[in-house]
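Novice: Provided herewith is a single structure, encoded as C-alpha cells, for subsequent inquiry.
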Amino acid sequence: MTTDRTVSEPIAAVGGVTIATDIAIVGGGLAGSLAAAVLARAGHRVVLVDKRAVYPDEFRVEKIGGHQLEAFRRLGFIRGLESAACPYDRVLNIREGKVVDVSVGQAYGLPYADLVAMARSQLPDPSSLIVDEVTAISCSDDVQHLELASGRRVTARLIVLATGMAGVLGYKLGIRRRVLAAGHSVSFGFTIARRDGAPFDFKALTCYGERTADGVDYLSLFPVRAGMRANLFMFRDPADPIMRDLRRETEATVLRLLPGLQTYLGDFRLVDRIRNWVMDLSVVEGHLQPGVVLIGDAFQTNCPAAGTGVARLLVDVERLCTEYAPRWLMTPGMSREKISEFYADRDKIAADQQSLKMARFRQALTSRDDIGWDVRRRLHFLRRSITHRVDQMRPGWLAHVRSALRA
C-alpha cells in the first residue's frame, strides 16, 4: 500500500503507541470494510487499517444483484445498500439489434466508492478505522504485529489481508502471486445521457457482442444516481488500437463495435471521463501461514465480465467472519492448522473454482471462432430467445419450471 496524500488524512506523529485488538484488517476496500463491520457488530475487537479516510472513486464493482443480494441480506447490509444505490428490476437483453430476452429481478447500481462508504458506515465505532499505512508485518502462532507509517503499532491475534491486488505486504511474508492469464480481459466504465435530455426507453440494457473478431462480450447499461452507467467487457489484447479509440472517441467506437445498439440509445453523449481496467487472472501461493488470512482479490482475482467477483468476495467474508474467525478466537493460538480450515472450506473452494470456470467460459463464448464454439454460441442465444418467447405466450411458466427444479 503506497501513501496517496491526495486522499489520505494527515498521519499524526504519535510514535510509540501500540493498539491491541483481536483482529486487524489491512485494506479498506469492499472486502475489508464488509469484514470489519460483520466482525465488529458481532462484538469482536476490530481495527480496519487503510491509508484513505474516504475511499476514492475507482472503477470497480458498480452493480449488485441476484444471489449477491441474499448474501448482503444475511450479513445485514441490505438496508444500507438500498439507501445508497439506484434500484432497477428489468434488463432488456439484445444482440444484433434484436431482443434476446428480458431479465427480471431486483438489482442495484452505484459507484464503488459509495459501496465502500456504505460498508464502512456499518461499523459500530467509527474510530475502529485507522487512517494510516502499514509498513511492516510479522506473524506467528500467537500474536501478530503491524507497524504503521505514523510510528504506531498494532498487535492482533489475527490479521486479515484484504489488500486487493496490491501484494507488497504479502510479498514480505513470502506470499507470491501466480498469473494464470495475463491481460485476460479489459473493462471500460463511463456514464451516458441522451443529448436531448430525455430518459432512455429502458430501465437497464445488456447488448452482447456480434462478431468474435471484435472480442466484445457485452455492454451493460444500468442506472446510477449520476445517469445511465455503462460497463463494457472485452477479451482483446490491451495494446490493440481499439483501446485507444474507445478512450478518445467512445460514442463512435461503441456503435462501431455494437451497431445494433444505435436504435436503443439514439443520440447520446458521455457525461464523465471513461475509465478502463485490464485484469489478469491470478492466484496466490505460499499463503497458508499462521496468524494471517487473505480474502477477496488478495487471494484470487476474477474476470469482471463473468460477474463472479462480488459473489466470491461475499463468500469469503461470510465464511471467515461468521464461522471461522469467531471460533478461532475462542481458543489460544492462531496456528497454520486453524487458518487452513478457511482455505479448505467447501463453499469457498466452490466459489473460487466457479469464478475461474466462468472466466474461461465467457472468454471462449466471446472469442473462440472454431465451429464447435460457433455452434455453442448460436445455441446459447437461440435457447434464451425461445425461452423468452414461450414465456411471453405463457407468462409465469418459466418461474414455475425453475421452482419445480429447485424442489
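The values are calculated or read from the model by the stated rules, or taken from the named source; none is laboratory data. Everything quoted here is computed from the prediction, not taken from an experiment. Here the Cβ positions follow ideal geometry from the backbone for every residue, glycine too, while neighbour counts run over all protein chains shown. Just so you know, the surface numbers come from the protein's heavy atoms only, side chains and all, with ligands and any DNA or RNA stripped out. Shrake-Rupley method; radii C 1.70, N 1.55, O 1.52, S 1.80 Å.
Novice: Take the residues in the stretch 248-268 that are buried (at least 18 other Cβ atoms within 10 Å of the Cβ) and aliphatic (A, V, I, L, M), then tell me which one is nearest to A198 (Cα to Cα).
Specialist: That would be L265.
Novice: Looking only at the stretch 229-246, count how many residues are within 20 Å of P111 (Cα to Cα) and either open to solvent by 20 Å² or more (accessible area, probe 1.4 Å) or of a type in the set (D, E) (or both).
Specialist: The qualifying residues number 1.
Novice: If I23 satisfies all but one of (1) under 23 Å from N302 (Cβ atoms); (2) modelled with pLDDT of 95 or more; (3) open to solvent by less than 50 Å² (accessible area, probe 1.4 Å), what's the number of the condition it fails?
Specialist: Looking at each condition in turn, I23 falls short on (1).
Let's see how each residue does on (1) over 25 Å from L257 (Cα atoms); (2) open to solvent by less than 40 Å² (accessible area, probe 1.4 Å); (3) within 15 Å of the chain's Cα centre (by Cα):
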site	(1), (2), (3)
R90	no, no, no
R95	no, no, no
S103	no, no, no
Y112	yes, yes, yes
V116	yes, yes, yes
A119	yes, yes, yes
Q122	yes, no, no
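Novice: Considering only residues that are assigned to a helix (DSSP H, G or I) and in contact with a Leu (Cβ under 8 Å, 6 or more places away or on another chain), which ones fall in the stretch 70-80?
Specialist: Answer for the stretch 70-80, where residues must be assigned to a helix (DSSP H, G or I) and in contact with a Leu (Cβ under 8 Å, 6 or more places away or on another chain): A71, F72, L75, I78.
Novice: Right, something else. Any residue in the stretch 139-148 that is surrounded by fewer than 19 Cβ atoms within 10 Å (Cβ to Cβ), over 25 Å from L329 (Cα atoms) and modelled with pLDDT of 95 or more?
Specialist: no
Novice: Something else about it: Please verify whether the stretch 209-226 includes one or more residues that are touching a Phe, Trp or Tyr at 6+ places or on another chain (Cβ under 6 Å) and either assigned by the TED database to the domain that holds S340 or more than 26 Å from Q106 (Cα to Cα) (or both).
Specialist: yes
Novice: Take D217 and tell me if it is open to solvent by 20 Å² or more (accessible area, probe 1.4 Å), over 30 Å from A40 (Cβ atoms) and touching a residue at least 40 places away in the same chain (Cβ under 8 Å).
Specialist: The answer is no for D217.
Novice: Right, another one. With respect to L161, determine if the residue is at pLDDT 95 or above, among the hydrophobic types (A, V, I, L, M, F, W, C), surrounded by 14 or more Cβ atoms within 10 Å (Cβ to Cβ) and over 25 Å from the mean Cα position of the chain (by Cα).
Specialist: Spelling it out, it is not the case that L161 is at pLDDT 95 or above, among the hydrophobic types (A, V, I, L, M, F, W, C), surrounded by 14 or more Cβ atoms within 10 Å (Cβ to Cβ) and over 25 Å from the mean Cα position of the chain (by Cα).
Novice: Is it the case that some residue within the stretch 245-264 is at pLDDT below 95 and of a type in the set (D, E)?
Specialist: No, the stretch 245-264 contains no residue that is at pLDDT below 95 and of a type in the set (D, E).
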